[in-house]
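Accompanying notes for the structure given below.
The values are calculated or read from the model by the stated rules, or taken from the named source; none is laboratory data. Since the model is a prediction, treat every value here as computed from it, not as a measurement. Every residue, glycine as well, gets a Cβ built from its backbone with ideal geometry; the counts of neighbours run over all protein chains shown. Please note that ligands, DNA and RNA were not included when accessible areas were found on the heavy atoms of the full protein model with its side chains. Shrake-Rupley method; radii C 1.70, N 1.55, O 1.52, S 1.80 Å.
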Amino acid sequence: MLQKPESGALPIPQAEGEKDGSRDGETQALTASQKEVPSPFLQESPNEDLGARREEGATASALTPKGARTLAAKALARRRAYRRLDRTVAELVQFLLVKDKKKSPITRSEMVKYVIGDLKDLFPEIIARAAEHLRYVFGFELKQFGRKHHTYILVNKLKPLEEEEEVEEEDLGGDGPRLGLLIMILGLIYMKGNSARETQVWEMLRRLGVRPSKYHFLFGYPKRLIMEDFVQQLYLNYRQVPHTNPPECEFSWGPRSNLEISKMKVLGFVAKLHKKEPQHWPVQYREALADEADRARAKARAEASMRARARARARATDRAGIYPW
């Protein structure tokens, strides 16, 4: 995560293990396949990734040893390129948030100089993904107002989802970014089969450029926010996983989330991050449809009960000869 600079200068972040001269190959791999880059925040199912690797292995087995090595090297370069682009997007998000603390406009040249570096040819893809994450996760809209000099500002949108949320922001301190973080965690839990290991949640935060135990100017101490606020307010359940050695803990949706937040909205949020339709995940989509049907039935029962009570009060008023006028 990029930290607030003391002198106004930020170093260009380097990927771990990055060697001189290796950037050109990664940039070419990114340019060739940038449309296929997945969201770094809520990854696809591990089974899908495993299937892709098996497919690569099956293809490689039909080639000569030299051809197989070449194919494997290309696949490795592509995966490294994906990871580097993911890191660049997360670092750009943090850079924009830090700059916004001073309420100073942000120029494209600053973003390229301090964050994007030699990936400048991918600027449209990087800025588009950063804008999506700023909007849906942190509740900020990235606005370009100086097209000549490519100048940007962040506008606080308060609510990270397009649709009106049923969660009361006052319950989360009136803070849109905190609500965005909660939705991210709920999305991770939902996509992992309705429970997520504690380590998976912390890893997701790191992908966002947020260190769980380190102070963040939007969230305070993220781990404390999750464990003391989200858990205590019953948005999240936290429990130890049985029969794990060493002991492991997991998160699941709390009773308050189940009451206030629909699974279809969370799935829609995940789909937007992945640039896919909710139907792309058939298991989760069927569960979300069932959840919507349950909510509709519960709402219909509540409305019928209210109408019945209103009719009963009207009859009682008639019998007593009392009229409101």
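Would you mind telling me which numbered condition in (1) under 19 Å from Phe140 (Cβ atoms); (2) modelled with pLDDT under 80; (3) assigned to a helix (DSSP H, G or I) Glu170 fails?
(1)
What number of residues within segment 239-267 are touching a residue at least 40 places away in the same chain (Cβ under 8 Å) and either open to solvent by 20 Å² or more (accessible area, probe 1.4 Å) or not in a loop (DSSP other than H, G, I, E, B) (or both)?
12
Within segment 255-264, count every residue that is in contact with a helix residue (DSSP H, G or I) (Cβ under 8 Å, 6 or more places away or on another chain), of a type outside the set (Lys, Arg) and within 11 Å of Leu186 (Cα to Cα).
Result for segment 255-264: 3.
Whether any residue in segment 151-163 is at pLDDT below 85, closer than 20 Å to Arg135 by Cα, open to solvent by less than 60 Å² (accessible area, probe 1.4 Å) and in a loop (DSSP other than H, G, I, E, B) is what I want to check.
The answer is yes; a qualifying residue exists.
Please find, among Ser104, Ser109, the residue that is modelled with pLDDT of 85 or more, over 21 Å from His274 (Cβ atoms) and surrounded by fewer than 20 Cβ atoms within 10 Å (Cβ to Cβ).
Being modelled with pLDDT of 85 or more, over 21 Å from His274 (Cβ atoms) and surrounded by fewer than 20 Cβ atoms within 10 Å (Cβ to Cβ) holds for just one of Ser104, Ser109, which is Ser109.
I want to confirm something. Restricting to segment 182-209 and keeping residues that are outside any helix (DSSP H, G or I) and within 26 Å of Pro278 (Cβ to Cβ), which single residue is nearest to the chain's Cα centre (by Cα)?
Leu208
How many of the residues making up segment 271-291 are of a type outside the set (Lys, Arg), assigned to a helix (DSSP H, G or I) and surrounded by fewer than 14 Cβ atoms within 10 Å (Cβ to Cβ)?
Looking only at that region, the number is 4.
Any residue in segment 293-307 that is open to solvent by less than 40 Å² (accessible area, probe 1.4 Å) and either in contact (Cβ under 8 Å) with a residue 12 or more places away in the chain or in contact with a Pro (Cβ under 8 Å, 6 or more places away or on another chain) (or both)?
no
If we keep just the residues of segment 219-238 that are open to solvent by less than 70 Å² (accessible area, probe 1.4 Å) and part of a strand (DSSP E or B), which is nearest to Gln94 (Cα to Cα)?
Ranking the candidates gives Gly220 first.
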